[in-house]
1. Consider the stretch 206-256. How many of its residues are within 16 Å of ligand 2 (Cβ to nearest atom), among the hydroxyl-bearing types (S, T, Y) and buried (at least 16 other Cβ atoms within 10 Å of the Cβ)?
2. Which condition does F204 not pass, out of (1) in contact with a strand residue (DSSP E or B) (Cβ under 7 Å, 6 or more places away or on another chain); (2) at pLDDT below 95; (3) closer than 29 Å to V84 by Cβ, if it passes all the others?
3. Which members of the stretch 132-149 meet the condition of being within 13 Å of ligand 1 (Cβ to nearest atom) and either in a helix (DSSP H, G or I) or touching a Lys or Arg at 6+ places or on another chain (Cβ under 6 Å) (or both)?
4. What residue, of L65, L85, is touching a residue at least 12 places away in the same chain (Cβ under 8 Å), out of contact with any strand residue (DSSP E or B) (no Cβ under 7 Å at 6 or more places or on another chain) and of a type in the set (A, V, I, L, M)?
5. Check whether at least one residue in the stretch 20-27 is touching a residue at least 24 places away in the same chain (Cβ under 8 Å) and assigned to a loop (DSSP other than H, G, I, E, B), and report yes or no.
6. Give the residue, chosen from R183, R218, R247, that is among the charged types (D, E, K, R), within 16 Å of ligand 1 (Cβ to nearest atom) and under 26 Å from R76 (Cβ atoms).
7. Can you name every residue in the stretch 83-99 that is of a type outside the set (A, V, I, L, M, F, W, C) and modelled with pLDDT under 90?
8. Those residues that are within 13 Å of ligand 1 (Cβ to nearest atom) and under 20 Å from R247 (Cβ atoms), I need them from the stretch 7-34; list them, please.
Amino acid sequence: MTRIFCIANQKGGVGKTTTTVNLAAGLARIGQRVLVVDLDPQGNATMGSGVDKRALPLSVYDVLLGSASVAEARQRSEKVGYDVLGANRELAGAEVELVELEQRDKRLKTALAAVADDYDFVLIDCPPSLSLLTLNGLCSAHGVVVPMQCEYFALEGLSDLVNTIKQVHANLNADLQIIGLLRVMFDPRITLQQQVSAQLEGHFGDKVFKAVIPRNVRLAEAPSYGQAGVVFDPSSKGAQAYLAFAREMVERVKALA
Ligand SMILES: Nc1ncnc2c1ncn2[C@@H]1O[C@H](COP(=O)(O)OP(=O)(O)OP(=O)(O)O)[C@@H](O)[C@H]1O
Ligand SMILES: [Mg+2]
C-alpha cells in the first residue's frame, strides 16, 4: 500500500526540503520505492535530487493544470535512487490559475492516484506557506511530517499548522493525520534547544520522532552537488540521523496499517 506524506511547516528555512530528500534517499537505500513531489516553485527538492529544474520538459505544474500525467512528467534520478516530479518557477503561476479550476484543491490527489501502485512512499515537499499548493499536498496525503527547529517561536508557529491540518481533516481529507514532529538542525549544547525539545516531548508525546537530526554541514553542502546528504556522505552524522529516521518511518507506517 502506498503511503503519501507531506513534509510541511509554513515557516521558511526549517529543513523541509532537506528532510524530504534525505528521507527519500534513506528509504530508497532500504529498498523502498519512492517518489518525491516538489510543490515549491523554488524547486529546491528537484535540484537537491539531482534533477535540473531549468531543463524539465514537464513538471508538477503541468500535472496540476491537467496537461500531463505524473507518469509523463516524473523523472528518474539514479544519483539518489528515487523518482522526482519536479518543480520550477512556472509553478508560482499555478496558484492563480488553479483558482479557476474545478476541484482545485484535489488536483494532485487525483493525479497521484494513477501511479499509486508504483511506489511504497510518496513524499511531498511543501512550500513555506499555507497556500493552495500546500492545500493540494494536504488533500493528497495520509499524513504530515513536520520538521522543526527547537527555537523559541517554533511552538507558536506549530499551532497555526496544527489548526490547518485539523480543518483539512474535518472538511477535505478525513485520512489526514500528523505522523510526527521531527527535530532538525539540533544542537544539544544549546540549553534553549534542550528545553524546547523537552517541551515538545511533554506536549506531543510519541508524536515526536525518536530520531533527532543534528546541525551538520555535510547536509547543507550536499544540495550543491545535486545529491541528498545520505548519498553524498553516508557516514556523516547528519546522514546517519536521516537513515535512522527512515527506519523509524518504516516502523511507524507499519503501526498505522
Ligand atoms: N541538519 C542540518 N544541518 C545543517 N544545515 C541544514 C540542516 N538542515 C537544513 N540545513 C540547511 O538549512 C537551510 C534551510 O533548509 P531547507 O531548504 O531544507 O529548509 P526549507 O524548510 O525547505 O526551506 P524553505 O521554507 O525555503 O522551503 C538550507 O541551506 C539547508 O542546507
Ligand atoms: Mg524547501
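The values are calculated or read from the model by the stated rules, or taken from the named source; none is laboratory data. Source: prediction; values computed, not measured. Cβ coordinates were reconstructed from backbone atoms using ideal geometry, including for glycine residues, and neighbour counts include every protein chain displayed.
1. Qualifying residue count, the stretch 206-256: 1.
2. It is condition (3) that F204 fails.
3. L133, T134, G137, P147
4. Answer to the selection: L65.
5. Looking through the stretch 20-27, none of the residues is touching a residue at least 24 places away in the same chain (Cβ under 8 Å) and assigned to a loop (DSSP other than H, G, I, E, B).
6. R218
7. E95 - this is the single residue of the stretch 83-99 that is of a type outside the set (A, V, I, L, M, F, W, C) and modelled with pLDDT under 90.
8. I7, G15, T18, T19, T20, V21, N22, L23, A24
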